[in-house]
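Just so it is clear, none of the values below were taken in a lab; they were calculated from the coordinates. None of these values were measured; they are calculated from a predicted model. Neighbour counts run over all protein chains shown; Cβ positions are idealised from the backbone, glycine included.
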Amino acid sequence: MGSAKLKKIMADDKAHLFQNYGDRMPVCFVRGEDSCLFDQDNRKYIDFFSGIAVSSLGHRNRALSKALHRQVDSVLHTSNWYYNREQIEAAALLTAASFPGKTLFVNSGTEANEAAIKLARRYGLSQGKNKYRIISFTNSFHGRTYGGMSATAQKKIHDGFGPLLPGFTYLPFNDTKAFAKEMKKGRDICAVMIELIQGEGGIQIAEQDFVKEIFHLCGKNAVLTIVDEVQTGVGRTGVMFAYQHYGVVPDILTMAKGLGGGVPVGAIHAKNFLPEFFPRGVHGTTFGGNHLACAAVAAVLRQMAAKSFLRNTRAASAFILGELARMKKQFGFIKDVRGMGLHIGIELDRPGTPLVVRALEKGLVINCTADTVIRIMPPLNIPPTIAKAGMKILEGIFLEEKQQ
Ligand SMILES: *Cc1c(COP(=O)(O)O)cnc(C)c1O
């Protein structure tokens with residue numbers, strides 16, 4: 001693999017960029033169209049990854065593109081010193097998509113979690129001396145800034161970064177007993193932070209009873225629930241937010257990835273009693289919620305609000321999960337298939353990266369997380385024919401793997 005054009009791009013990357021992403025996949029996408037991408041040599045790929053669940057409307061979505069063009073031709077940025085109609089509209093749409101509350105816009109997932117952590121601490125410390133501890137769960141991923149990283153219960157994310165932010169306790173995911181035990185002795189706990197489906201952790205789904213018990217005990221003890229929906233949010237699991245599968249409502253919801261359909265933006269949405277703990281001047285960001293970002297958010301949320309949108313997402317999900325259930329029977333190296341909506345993991349008994357590379361060679365973009373879990377996260381509006389074509393390529397890869 002690798003044309004002369006690609007080889008030059010790869011060499012230039014090494015010459016000019018930090019190599020913190022290691023060896024990237026050997027491709028440079030230059031153009032997209034709906035659920036497809038085109039590389040440096042104009043070769044076509046089916047996108048089953050959406051740039052880590054970001055391109056929720058696929059590529060070059062007409063309405064999103066139009067909204068962005070209109071905004072580019074009006075004003076890009078003025079800062080939070082001034083009122084901003086796009087922010088207001090985006091927040092109102094977010095409330096309609098989630099629960100009554102207020103929104104604070106930021107620029108990324110880790111920044112959303114950072115804001116949630118800071119808000120939870122200010123709330124907690126107003127309720128009691130030393131009420132600042134935050135519970136999170138093994139294998140979670142909450143971001144790379146010091147707060148988000150400290151909340152992330154994965155040693156490999158912490159390695160080499162010296163003292164983390166104090167005041168975090170890691171408990172085993174899906175262990176209701178351990179959680180109840182910790183809460184009993186935890187007068188100093190101000191919040192619990194959880195992903196309902198751990199994305200980077202390998203598409204691990206929180207059990208209903210576990211989540212119910214967390215919300216029950218948090219409610220009883222004035223402990224805030226922070227649900228990190230940076231990956232699962234904004235339609236990814238077939239409903240607007242994954243918490244809606246559980247019959248609970250978080251105090252603080254964090255989101256980013258799919259929120260702007262590819263434009264970098266994050267947000268926290270919190271119940272109405274919380275914004276007062278961020279009074280004037282205690283938290284902020286220069287770029288947060290700028291006109292361009294919020295025009296994107298509004299365009300994404302408007303499109304998803306149409307009833308048919310998530311219905312199509314769920315139909316695509318049913319098709320893909322059905323195909324995978326069949327393949328699981330056929331291929332012994334598939335240990336498990338799990339997920340909700342278009343947030344799907346295929347756990348293998350072996351490393352997944354070689355299969356990801358072979359899929360790319362055959363024109364399918366997939367990803368591997370937690371070493372052995374193939375992750376499938378197509379655009380939420382993927383047309384049935386493209387989903388079908390993608391699954392056919394995937395089955396071909398599995399067949400090859402079986403014959404090896
Ligand atoms: C990606 C992710 C983050 C971090 O978001 P960034 O935009 O990369 O900072 C936080 N939490 C979860 C669940 C994520 O998947």
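With r defined as the distance between the Cβ atoms of Leu125 and Leu399 and R0 fixed at 45 Å, what FRET efficiency is calculated, to the nearest 0.05?
0.20
Kindly give the semi-axes, whole Å and largest first, of the ellipsoid equivalent to region 110-263, taking each as the square root of 5 times a Cα gyration tensor eigenvalue.
Value: 22, 19, 15 Å, ordered largest first.
Roughly how many nanometres apart are two label points built 7 Å out from the Cα toward the Cβ at Leu165 and Ala325?
4.1
Dipole of region 335-404, Cα-centred, from +1 at each Lys and Arg C-beta and -1 at each Asp and Glu C-beta, to the nearest 20 debye?
180
Rank-order 30-40, 146-156, 104-114 by packing density, defined as the average count of other C-beta atoms within 10 Å over each peptide's residues, highest first.
In descending order of packing, they fall as 104-114, 146-156, 30-40.
How much length is gained if the chain between Lys220 and His77 is pulled fully straight, taking 0.36 nm per residue apart and subtracting their Cα-Cα distance, in nm to one decimal?
This chain segment gains 47.2 nm when fully extended.
If I build a Gaussian network model for the chain, linking alpha-carbon pairs within less than 10 angstrom, which residue out of Gly238, Gly339, Gly281 has the largest mean-square fluctuation?
Gly281
Over the C-alpha atoms of the chain, what are the Rg and the largest Cα-to-Cα span, Dmax, in Å?
Both quantities, over Cα of the chain: 21.3, 64 Å.
Would you mind putting 44-50, 80-86 in packing order, based on average other-beta-carbon counts within 10 Å, highest first?
44-50, 80-86
Assigning unit charges at the beta carbon (Lys, Arg +1; Asp, Glu -1) and nothing else, what dipole magnitude in debye, to the nearest 20, does the chain show about its Cα centre?
With only Lys, Arg, Asp and Glu charged at Cβ, the dipole is about 420 debye.
Sequence neighbours fewer than 8 away in the same chain don't count; with that in mind, list the aspartates and glutamates whose C-alpha is under 13 Å from Lys8.
Qualifying aspartates and glutamates at Cα under 13 Å: Asp41.
Quick one: Cα centre-to-centre distance for region 1-57 and region 87-107, in angstrom?
When both Cα centres are located, 33 Å separates them.
Please compute the net charge surrounding Gly32, taking Lys and Arg as +1 and Asp and Glu as -1 over other residues with Cβ under 12 Å from its Cβ.
Around Gly32, the surrounding residues sum to -1.
So what J values fall out for region 62-79 if you push phi through Karplus, 6.51 cos²θ - 1.76 cosθ + 1.60 with θ = phi - 60°, rounded to Hz, Gly and Pro as x?
Those phi angles translate into 4, 5, 5, 4, 5, 4, 5, 4, 4, 5, 4, 7, 9, 7, 8, 8, 9, 5 Hz.
Taking a 21 Å limit on the Cα-Cα distance, which of the listed pairs Lys329/Lys388; Lys44/Lys329; Lys177/Lys212 fall beyond it?
Among Lys329/Lys388; Lys44/Lys329; Lys177/Lys212, the Cα-Cα distance tops 21 Å for Lys44/Lys329.
With point charges of +1 on the Cβ of Lys and Arg and -1 on the Cβ of Asp and Glu, referenced to the Cα centre of region 75-304, which listed residue (Leu104, Ala293, His283) lies farthest in the positive direction of the dipole?
His283
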